[in-house]
Structure formats: C-alpha cells, structure tokens
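The values are calculated or read from the model by the stated rules, or taken from the named source; none is laboratory data. No experiment lies behind these values; they were computed from the predicted model shown. Cβ placement follows ideal geometry from the backbone for every residue including glycine, while neighbour counts extend to all protein chains displayed.
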There are 2 protein chains.
Amino acid sequence: MKDVVKIGVAGLGTVGAGTVKLLSEHRDILADRSGTQIVVTAVSARDRTRDRGFSTEGLTWYDDARDLAADNEIDILVELIGGSDGIAYDVCKAALENGKHVVTANKALIALKGVELAQIADANNVTIAYEAAVAGGIPVIKALREGLAGNAISRVTGILNGTCNYILTTMREQGRDFADVLAEAQKLGYAEADPTFDVDGIDAAHKLAILASLAFGVEVDFDAVAVEGIRSVSALDIQLAEELGYRIKLLGIAKQTPEGIEQRVSPVMVDRATQISKVEGVFNAVALEGDYVGPVVLQGRGAGERPTASAVVADIVDIAAGRSAPVFGVPAERLKKNVRASLEKHTGAYYLRLMVWDRPGVMAEVTATLAKHGVSMASMIQHGRAETEGGVVPVVIVAHETTEAAMSGAVNDIAAFESNSQPPVLMRIESFAS
Amino acid sequence: MKDVVKIGVAGLGTVGAGTVKLLSEHRDILADRSGTQIVVTAVSARDRTRDRGFSTEGLTWYDDARDLAADNEIDILVELIGGSDGIAYDVCKAALENGKHVVTANKALIALKGVELAQIADANNVTIAYEAAVAGGIPVIKALREGLAGNAISRVTGILNGTCNYILTTMREQGRDFADVLAEAQKLGYAEADPTFDVDGIDAAHKLAILASLAFGVEVDFDAVAVEGIRSVSALDIQLAEELGYRIKLLGIAKQTPEGIEQRVSPVMVDRATQISKVEGVFNAVALEGDYVGPVVLQGRGAGERPTASAVVADIVDIAAGRSAPVFGVPAERLKKNVRASLEKHTGAYYLRLMVWDRPGVMAEVTATLAKHGVSMASMIQHGRAETEGGVVPVVIVAHETTEAAMSGAVNDIAAFESNSQPPVLMRIESFAS
C-alpha cells in the first residue's frame, strides 16, 4: 500500500468529528498498525463555522459532499451523512465509481442499497466497509465475515438497538410503563425526539438484514424482515416473564430454516439463564451460531460518538493495510437470491397472556381450544383470584414448541371468547444453548 | 492470490482431523469467501494407520513434519503438533524461512517464541496466524488486532481456561471441594490426567501473554505473568463471595499502569452483576477495554475439536484471501520491550478471610492493624457466633481500593496473631464497568 493514505470525511456530525479526532489522537499507533500514515486531507459539511473540537486548517473543505467524492487526492471516502438515498447514496456510488474505497456507518444505505453498491465496488476493485453500521463499536461484521468464515451459520440474534434495550431494562427494573420511560429516555438523550426508527424496530431491522446477508451469503433483503417494535410491551408482561424465568428483549433474529431464511425483529422472551438476556441498558449484543464454532456472543456499546468512531477507524486501518473482504463476505455475483421462509411455519415456544373475567369454565375453554389446535402447554399461571368475584385476572400459558400457524389459530379462537376483558397478548420464546 | 491455495497439516490429532474435515465439508463456501480453492495436499503424523474419520488418499504423507515444512508445493503450513520447542518450533521456523505462511493453535509456542517467529515471518514476508491459540473459536485475536485497531487498550481480561471455569462453576453450584470436582472433571474428559497446565494457570498465562502483546504493542513476555492457579480456592470462599455479591473466576488480567504493564493469572472476585462473572462452565470469555470503544466482551467455546478448527480455518481463509496483519498487530521491529509493572504497586479492592478463635478483642486487633497500614474497610461479615464459646468462625473483610503493598503488610501482621486457626486467605477484587 501507499506511504500515506488520504481520507476524505463526508459529514462532520458527532461521529464524523469523533473519527477525525481519533485519527489525529492515535496517529502514531495507527501508523504502526496499518503500515501507512493515515491522514485526513478533505472534509465536507454544510456549516463551516461550527466548532467541532478540532481544527480544519489545512483540510480541503467541500460544501457539497459530491465534490469530495470526486476529489482525486483521497484514497478512502468516509460517509457519515446518513440516510438510504439522496446525498449519502450519491456520494458513496460516485466514490466507488471513482475507484475509492468507502467506509460508512450508514445502516439504512447498506440494508437498502447494499447489493447495488457491492456490485459497483466489485466492478471497480474497491470495497465498501461498514463495521460501524451494526452494533457500533462491537466488531461483529468482522467476526461474522472473517472470524467465523469456516462456519455454516444457522442463526444470528442481536440486541441491535440500545434505545429499546435501555427502555425495556428500565421498564423491568422500575416497573414502569413504556410511554413514561420513553419520555424520560428522550429527556436523557437516549432516545430521539422522533423515536420511530428506534422503538418501532426499523433501525434494528436494517442491521439484522445486513447480518443475515453476511451470515447466509444472500442478497441483503430488508423487505423480508418482519418488524415489530416495543410500543406494545407492557409492564405486566415484563413482570410475568420474570416470574416464569424469562426476560423480554427486542431481538433481531435471522435463521436458516429448511425452506428459507426467517428474519424478524420483535420483542421476544428469552431464558434468564442465557447470556443474551443479561445484556442490559444501552448495550448491544450479537449471538452467532456456527456449525463448528457453536455459540459466540459479542457485547459492547452499540452507539455513540466514540464507539462508532472506533468501528469506522478499524475499517480505515484494514483498507490502509491492504486488507479487504468482499462487501457481504463473498463477491456480489456469488450472493444468492434470498428465499424467504414463511413466518407461519416458524416453530418455537410461545407465551400467551389473557386477561379474563374470573368465571368457572374459562380455563377449560382455553385449554380445550389449545388442544384442538394441537398446541401443548408447558406451564400455566393464573395470578391470584380476582378480589371481587367475577373480576379480571391475568392467565399466562407457556406453550411447548409448536408452529406459528397452530398458535395463531388457537389465539384467534381464544380471542373470540366473551371471557376476555382485553385482547390476548402472544409473544415468541426464543431458545439459546448458552 | 492464487487459484488454488495448498495446505499442509502437521499433526493429525483431534484438531488436525477437525481442520481437514472442515476444509472438505465447507469447500464451496470457503471458495466463495476466500476467492480461491483451499485444498489440503499434504499431512504429517506418526501413525499412518489410525482412522481419523477422513480419507488420506491422494495426500502426500510425511512421517516427519520437518519434511512437510520443506514441501515446496504447499502455501500454508498448519502446525497442530503442540509444545513450545522441539518439533513444533522447528517446523514453524522452517516453514517461515521457506516462505510459507504458518497457521497454528500453539499457545505455548507463540507465548515463548513469538517474538523470534514474528521476526522471521517479517523477514520472509509471510505471517504466522494463531487465532486458535487463544480462546478457541472466539475470534478474539482478530477483534483485538483489527476490530479494535483504532483504540488504545487499557485492560484485557479473560476467562481463558475452560477446565478451570468448569471446576469453579461446579464447585459453586454444588458446594463441593476442588479435589472432588477435579476428579469428576477428569472422568468426564473436561480435565487432563495431568491437570497441571490447566489448574495451575499456565495455559491461561500463555494466552494472556499473547493478548497483552497484541493489546499493548509490546514483545510477548510470558515470564512477566504472575501465575496462580485454582488449587487453593475453597468452597467456603466461593460461598462467602456469593454472599458478598461476588463470584470467583480464574482471570487473566493484563493492564496498562503508569509504570508498566501488569500481567496476572489468578483467582479473583468479580461483581456478580458484571457480564464476565456470568460466563459459566467450559465457556471462555475475553473483555477488552479501549479508549474509544469502551468495554467489549466476547464469549464462546474455548476448546474442542470443532471450535478450534473453526479458528484455524478462519486464519487459513484470511491468508488465502490475501488478508494478513503483522503477527502481533505491528511489525516485529516496532514492538516495544515490555516494561513490567511492580505487582506490589497494584491497586484495587481486596477480600480477606480469616478463621479466628471467637474471643473478645480479635476484631479490634484486626481492624486496628488494617488501619495502621492505611487499609480502609468497605464491609465486614462475621459469620454467626461459634456454637461453642471459643470456637472458630470465619471473618471476612472487604477492603476499599488500596495498594498490594499495604494490603500484604497488613495481612502479614494479622497472620501472626494467635487468634488465627489457619492462615488468612487474601484475594483481589477486580472491577468492571459492565
């Protein structure tokens, strides 16, 4: 590689500024580790006057990031603008076509335009690296793409959104409701003013789609991800889960099934003895399962200026040192089309919680209906007796492994009973070996 | 890189056989991931007749691995013989000098001869890769060397020996003594007939020395590691630790201190709320702390045919794909000499457990002695009163952060008291942010 590798940074928000600062602060060890001098020579951002905590003296400044992508001086373009289309897409595409490597933290872009960008990268003999796009500072892209390259992967599971994990952890620890904790998280800066991307699971789904592509060698297929956020998770279900030995987590799960790949982001219950259930607060974690390695769990900070800059710089060092891997682990032309598994055929255990008027015969009706659909019960808890006769009580059923179709059928029938005081709540239970 | 990368495997024990089987079983996905055909063309082992679960037809067989190292056909020599000198050392050295890359699972070799081998590798423009040498299938070498390349590392901590972790876990869960659980572990195949390398901490120390070199950019310095195994850990201390909210783990800890690098393998107490305390049974885990990324924890299977083969093959794929890094993260000539921190200057919290004759004035003596040495107590538990007056009771003191010198001074004085029925037990408490 060259003696000096020149970096252009597009976007000087917190992560962009953090990246520039890291590259400067650790200049000497990065030179030892990469075998080259890594130097930021150009940047682009809209506001030249803002104080970002570093000097822009000597840097070529572009108001338009598209001009930065055309700068023939730079070797690597670092895209930290965000968004799956518009300028971020234009800039990455132009840089790749211009023979520059791209490093990005942009999960939406990779999840939605990844295949096209990988093809362009391959055609131009450059790469697009995106460690920072998934799970922040945790080197999970590298672990999956290189560290576990000897394995057929059967499942990837992740706590991929720190905001959701923080909210769920706080709800459990303090017995509070979603809306209340979200409002507090917004005040503390752990959740955005518009929390939709986070709490509705979209951010996690972007990341899951990327992990699934790497794990299974398929074209990234964001639309295949069934997405459900955490707005409907109640303090009651969190508490009942604890009693049963489970914890509720927003998990992204991608798994190989006989008929295709199942991809979901949703609140699920996991055994409290498992490693992933113990990942709390703003931390992220990814559990990978390979046929040779068995289960591997990686945990760390999934967001923030410094952890994200760490991942961006790891990608820069790799490229500067002449190490690169195909964008999704194999050349774009070798990626298979994704075959989606029917979600109805999902098999697993389930948690079903009813709120019923406490009258004789209700349980007989419920258990008969489950039996009719071939659903077998592992356990049941009925919480106390209502204080006044005919009051409302929660009834919780844990079903042994069954199909989603059978379970949905049973729940649809049960939902029609007059004994319900509110609609049943159904949640999948995900099993882990460790 | 070439269209075909030819592999010679020296040593066909369980890991060698597992590696050959993996390379064959996943031939197609490995070709996609590496961009080359990876083919085993030659092997060496002493016994040609043993059934290893794969056919050796068509493979060149060498009785002496030194001849394999001289085979001009092969591109990568995979050393799975073991041991820090003798044939393993000869074979790796010869292969590197012969311009071949080396992949090894040999922690003793890297810990004791790593610097010399790295120099030879650099001089011959090849690499020696050893992901399998530390924490089995967990891609921790890659994470530290590449994934966290943007960070100054402050501390590396690991549960690096599955046998010890299994024994400590079982002792705690079943309230049993070390000798008893060791005997069972030997019967189950979790411990060797001669368990010295494992239970006395030597295996973990080899791995820690390697991690320290990568983390801090220093020459690997096995002799700098203060090593203490788990033979003296008692069921009583495990139980008392639980009561105090701690768990006893055999940890390898390497940390940067103002005066040098402190490296230890010893039983320590860790807060039960931390992630690393929850890694149980045969699992390994490594916690890395970087100035940008914060804490990152990786967990998985640290030994066994298949996890180890997974790591060996990951290294093979990297080399076949043309990705390589300097042996210890930076060129051998850029490695700094290791500066050892004085262990006496270690600062941290401590657990001190006495068994004392339950007489008036004992506690006053003990607390006065701690105070005299400037050691401040965080908490104390005295376990019940002895049933007969003048009986023996355990007294546990948790000391606030202090120096090892102060603590040892106090313990030496306390050990001289006539009130002791047996020598005091002192254990370090290690703190983690998560």
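So which of A:I230, A:I238, A:I210 ends up being under 17 Å from the mean Cα position of the chain (by Cα), touching a residue at least 24 places away in the same chain (Cβ under 8 Å) and under 27 Å from A:L426 (Cα atoms)?
Values: A:I238 fails: under 17 Å from the mean Cα position of the chain (by Cα); A:I210 fails: under 27 Å from A:L426 (Cα atoms).
Just a single option satisfies the conditions, and that option is A:I230.
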Residue identified as without any contact (Cβ under 8 Å) to a residue 24 or more places away in the chain and either in a loop (DSSP other than H, G, I, E, B) or not hydroxyl-bearing (S, T, Y) (or both) among B:M380, B:M363, B:M427, B:M407:
B:M380
Of the residues that make up segment A:341-350, is at least one surrounded by 18 or more Cβ atoms within 10 Å (Cβ to Cβ), hydroxyl-bearing (S, T, Y) and outside any helix (DSSP H, G or I)?
yes
Which ones in segment B:273-288 are within 22 Å of A:G281 (Cβ to Cβ) and more than 7 Å from every other protein chain (Cβ to nearest Cβ)?
B:A273, B:T274, B:I276, B:S277, B:V279, B:E280, B:A285, B:V286, B:A287, B:L288
Consider B:D203 carefully, then state whether it is within 11 Å of the chain's Cα centre (by Cα), away from chain A (no Cβ under 12 Å) and of a type in the set (D, E).
yes
Positions within segment B:29-54 being at the interface with another protein chain (Cβ under 9 Å from one of its Cβ atoms), over 20 Å from B:H101 (Cβ atoms) and either of a type in the set (F, W, Y) or touching a helix residue (DSSP H, G or I) at 6+ places or on another chain (Cβ under 7 Å) (or both), in sequence order:
B:D32
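Given B:A88, B:A70, B:A108, which one is outside the structural domain of B:K207 (by TED's automatic domain parsing) and more than 20 Å from B:H206 (Cα to Cα)? Explain how you work it out, then say what you get.
Details: B:A88 fails: more than 20 Å from B:H206 (Cα to Cα); B:A108 fails: more than 20 Å from B:H206 (Cα to Cα).
Of the residues listed, the single one that is outside the structural domain of B:K207 (by TED's automatic domain parsing) and more than 20 Å from B:H206 (Cα to Cα) is B:A70.
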Among (1) more than 9 Å from chain B (Cβ to nearest Cβ); (2) under 30 Å from B:T14 (Cα atoms); (3) surrounded by fewer than 22 Cβ atoms within 10 Å (Cβ to Cβ), which single condition is A:D291 missing?
(1)
Against the conditions (1) modelled with pLDDT under 95; (2) at positive phi, where does A:M380 fall short? Just the number, please.
(2)
Hey, can you tell me all the residues within segment A:80-115 that are under 19 Å from A:P326 (Cβ atoms) and charged (D, E, K, R)?
A:K93, A:E97, A:K100, A:K107, A:K113
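Is it the case, given these coordinates, that B:E173 is buried (at least 24 other Cβ atoms within 10 Å of the Cβ) and charged (D, E, K, R)? Steps first, please.
On the way: buried (at least 24 other Cβ atoms within 10 Å of the Cβ): no; charged (D, E, K, R): yes.
No; evaluated as a whole, the condition is false for this residue.
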Would you mind stating whether B:I230 is closer than 26 Å to B:M380 by Cα, away from every other protein chain (no Cβ under 14 Å) and among the aliphatic types (A, V, I, L, M)?
yes
Quick test of your reading of the structure: B:C164 fulfils all but one of (1) under 26 Å from B:I381 (Cβ atoms); (2) part of a helix (DSSP H, G or I). Name the failing condition by number.
(1)
What pairs come out if I take residues in segment B:43-54 that are among the basic types (K, R) and pair them with residues that are surrounded by 10 or more Cβ atoms within 10 Å (Cβ to Cβ) whose C-beta lies under 6 Å away, six or more apart or interchain?
B:R52/B:L12; B:R52/B:A17
Look through segment A:120-142, keep the residues that are within 13 Å of chain B (Cβ to nearest Cβ) and assigned to a loop (DSSP other than H, G, I, E, B), and return whichever of them is farthest from B:Y292 (Cα to Cα).
A:N125
Could you list, ordered by first residue, the pairs with Cβ atoms under 7 Å in which the first is in segment A:90-119 and at positive phi and the second is of a type in the set (A, V, I, L, M, F, W, C), at least 6 apart or interchain?
A:G99/A:V126
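So which residues in segment B:57-82 are assigned to a helix (DSSP H, G or I) and either buried (at least 20 other Cβ atoms within 10 Å of the Cβ) or in contact with a strand residue (DSSP E or B) (Cβ under 8 Å, 6 or more places away or on another chain) (or both)? Reasoning before the result, please.
Restricting attention to segment B:57-82, the residues satisfying the condition of being assigned to a helix (DSSP H, G or I) are B:65-69.
Result: B:A65, B:D67, B:L68, B:A69.
Would you confirm, using the coordinates I've provided, whether B:D122 is in contact (Cβ under 8 Å) with a residue 40 or more places away in the chain and in contact with a Lys or Arg (Cβ under 6 Å, 6 or more places away or on another chain)?
For B:D122, the condition - in contact (Cβ under 8 Å) with a residue 40 or more places away in the chain and in contact with a Lys or Arg (Cβ under 6 Å, 6 or more places away or on another chain) - is not met.
Select, from A:D90, A:D85, the only residue that is in contact with a helix residue (DSSP H, G or I) (Cβ under 8 Å, 6 or more places away or on another chain), outside any helix (DSSP H, G or I) and surrounded by fewer than 20 Cβ atoms within 10 Å (Cβ to Cβ). Steps first, answer last, please.
Details: A:D90 fails: outside any helix (DSSP H, G or I).
When all the criteria are applied, what remains is A:D85.
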Going through segment A:302-322 in order, the residues found to be modelled with pLDDT under 95 and either crowded, with 24+ Cβ neighbours inside 10 Å or within 7 Å of chain B (Cβ to nearest Cβ) (or both) are A:G302
Taking A:L343 and the conditions (1) among the aliphatic types (A, V, I, L, M); (2) more than 18 Å from the chain's Cα centre (by Cα); (3) at the interface with chain B (Cβ under 9 Å from one of its Cβ atoms), which numbered condition does it fall short on, given that it satisfies the others?
(3)
Tell me yes or no: at least one residue of segment A:121-135 is on the phi > 0 side of the Ramachandran plot and among the hydrophobic types (A, V, I, L, M, F, W, C).
yes
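Considering only segment B:217-225, I want to know if a residue exists there that is β-branched (V, I, T), within 15 Å of the chain's Cα centre (by Cα) and not in a helix (DSSP H, G or I).
We begin by selecting, within segment B:217-225, every residue β-branched (V, I, T); these are B:218, B:220, B:225.
Going one step further and asking which of them are within 15 Å of the chain's Cα centre (by Cα), we end up with B:220, B:225.
In the following step, the residues that additionally are not in a helix (DSSP H, G or I) were identified as B:220, B:225.
Looking for residues that are β-branched (V, I, T), within 15 Å of the chain's Cα centre (by Cα) and not in a helix (DSSP H, G or I), one finds at least one in segment B:217-225, hence yes.
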For the condition surrounded by 15 or more Cβ atoms within 10 Å (Cβ to Cβ), among the β-branched types (V, I, T) and under 34 Å from the mean Cα position of the chain (by Cα), what is the one hit in A:V375, A:V393?
A:V375
Strands (runs of 3 or more DSSP E) enclosed by segment B:249-301 - at least 2 residues per element that are touching a Ser or Thr at 6+ places or on another chain (Cβ under 7 Å)
B:260-271, B:283-290
Which members of segment B:323-339 meet the condition of being within 23 Å of A:I138 (Cα to Cα), at the interface with chain A (Cβ under 9 Å from one of its Cβ atoms) and touching a residue at least 60 places away in the same chain (Cβ under 8 Å)?
B:S324, B:A325, B:P326, B:G329, B:V330
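Which residue is nearest to the other protein chains (Cβ to nearest Cβ), if the candidates are limited to segment B:9-28 and must be buried (at least 20 other Cβ atoms within 10 Å of the Cβ) and in a helix (DSSP H, G or I)?
B:L22
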